[in-house]
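Coordinate-derived values only; no laboratory data. All values reported here derive from a predicted model rather than from experimental measurement. With ideal geometry, Cβ positions are generated from the backbone for all residues, glycine too; neighbour counts draw on all protein chains shown.
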Amino acid sequence: MGYRLRDTRPRLALWMLVALGDAILLLVSAGVSVLVALLGVVIVAGCGVAVWRLTRRGALGREDAVVPALSRRRV
């Protein structure tokens, strides 16, 4: 059962570095046009994730909105 307590982050970081090295080797062999295309895809994906997170944060904020005491109408 001790294997479940072992941290997997260093192993994941190593595989991410290997994948990055593979991607760099592919880009060097393919050329500059592929680099520009890949950069465009990464930028569009990053913007999409940012927009999704911003809209999600706004939806969560509206549910838990606190009404200030001064803005309540008195009856």
FRET efficiency, LEU27 to VAL49 (Cβ-Cβ, R0 30 Å, nearest 0.05): 0.85
Residues in segment 42-57 reached by a label modelled at MET16 [backbone nitrogen below 18 Å; 7 Å Cα→Cβ]: 42-43, 45-47, 49-50
